[in-house]
Amino acid sequence: MRLRTALCTAVSATSALMLVSACGGGSSSTATASGNPLVGVDYPRSDTDFWNSYIKYTPEYAKKLGLDLKTTNSQNDVAKLTANVQTFISQGVKGVAMAPQDTAAIAPTLSQLEAKKIPVVTVDTRPDTGNVYMVVRADNRAYGEKACKFLGTKLGGKGKVVMLEGGLDSINGRDRTEAFNECMKANFPDIKVFGEATNWDGAVAAQKLQTDLTANPDIKGVYMESSFALSGTLQVLKQKGLLVSPSDKKHVFIVSNDGIPEELKSIAAGKIDATVSQPADLYAKYALYYLKAAIAGKTFAPGKTDHDSTIIQVRKGLLEDQLSAPLVTADGGTYGGVASVKSDDSSLWGNNLG
């Protein structure tokens, strides 16, 4: 599949963000014995359903795109990611895809790869500093805003909610947290938000939710910034007799982020109420697509794509393809102006895993 690029213009060597070779040309690349370019993909972790889905999709799309793979798993540890990159370099990869969870500490590794002219695509996260060929990510601020508008609407603009934050050393955690807080302040000022730092740890999230519910039994909403908190949240609510139907006045409204199959099933069962579906399949597909394009010498510019996304310029030298991530609910309704899709919609990747 080819992207429709937004611009195709002859530019000077200093105009880094304009299309240079997407309209033709490009450099040759070293290939493996199979004739395919060799790329390295570091998986950030394998302890969540979302990332395990990404791991499943990656070799499938590599085969479709004609790429050979070397893979590693950094297990949410930037030191391991740095070591894994050294392994990739020694193996002669021509491009690297990674999803650094600590988006500040990865800068020296990015600089090393840039010096060696090995293009990098980051998936799901954006580095705080440094250049990469492309960031493949959804709009994480929109995640927080969509969650805010759903909960604010369900609570009628009043009450208390708990936000189980991700890691604030991650751009994703910061974006979701800041956007949720700003949206609540602007649109639902009578809703009190209890922000709880969890560092993407489900056990920590469950413990803090339990503490908040004990001190504030009138809490009526929970925003989980990722499905890492799903199991623990449901367990806490069950223990407190609050895991009840949405029609029950004791129901606590829950919105998550990810779109894993278990979330979609929980929405259909009335255990949780909404999620924002992160495209695990498209993360894998377009991470590899852009690596192949980088190896071929192509470049891109800000603008609409042909896959329902927009490439934006984050800062000079850094582009981000913001993939679509819909709000998912049981009824497919519109909440606070945000349209949603039904949890059983066949377009959702979480409904299409084998």
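Compute the acute angle (0 to 90°) between the alpha-carbon long axis of helix 78-91 and the principal axis of greatest extent of the alpha-carbon atoms of the chain; round to the nearest 10°. Long axis of 78-91 versus the principal axis of the chain: about 30 degrees. Relative to the longest principal axis of the Cα atoms of the chain, helix 140-154 runs at roughly 20 degrees. Which entries in K208/K342; K116/K285; K116/K298; K63/K117 show an alpha-carbon gap greater than 21 Å? Beyond 21 Å between Cα atoms: K208/K342; K116/K285; K63/K117. How charged is the neighbourhood of S34? Take every other residue with its Cβ under 11 Å from the Cβ of S34, and add Lys/Arg as +1 and Asp/Glu as -1. Around S34, the charge tally is 0. Classify the range 138-279 as rounded, prolate or oblate, taking a ≥ b ≥ c as the square roots of the eigenvalues of its Cα gyration tensor: rounded when a/c is under 1.5, otherwise prolate if a/b is larger than b/c and oblate if not. In terms of gyration-tensor shape, rounded. Report summary: the helix-based calculation at 222 nm, which adds -39500 (n - 2.57) for every DSSP H run with n ≥ 4 and divides by the residues of the chain, gives -11000 deg cm²/dmol. The range 276-354 and the range 217-262 have Cα centres separated by 26 Å.
Would you mind getting the accessible area per residue of the chain, heavy atoms of the protein chains only, 1.4 Å probe, in Å²? The partial results should precede the final answer.
Values: 14550 Å² over 354 residues.
Value returned for the chain: 41 Å² of accessible area per residue.
When a 1.4 Å probe is rolled over the protein heavy atoms, the share of accessible surface on the chain that falls to carbon and sulfur comes to 50 percent.
For the chain, DSSP calls about 25 percent of its internal beta bridges antiparallel.
If the segment from R315 to V244 were pulled out straight at 0.36 nm per residue, it would be longer than the present Cα-Cα gap by 21.0 nm.
So if a site counts as exposed when it's one of the trypsin sites (Lys or Arg not before Pro), its DSSP state isn't H, G, I, E or B, and it has at most 16 other Cβ atoms within 10 Å, what's the longest stretch of the chain without one? Here the longest segment lacking exposed loop sites spans 5-115.
Where both residues lie in the range 220-354, what percent of DSSP beta bridges are antiparallel, nearest 5?
Details: 12 of 22 bridges.
Looking only at bridges with both residues in the range 220-354, the antiparallel portion is about 55 percent.
Against the chain, whose longest principal axis comes from its Cα atoms, helix 49-65 is set at around 30 degrees.
The values are calculated or read from the model by the stated rules, or taken from the named source; none is laboratory data. Bear in mind that the values here come from a model prediction, so they are computed numbers and not experimental data. A quick note on method: Cβ atoms are made from the backbone with ideal geometry, for glycine too, and the neighbour counts reach across all protein chains shown. Remember, those area values only see protein heavy atoms, side chains included, never the ligands or the DNA or RNA. Shrake-Rupley method; radii C 1.70, N 1.55, O 1.52, S 1.80 Å.
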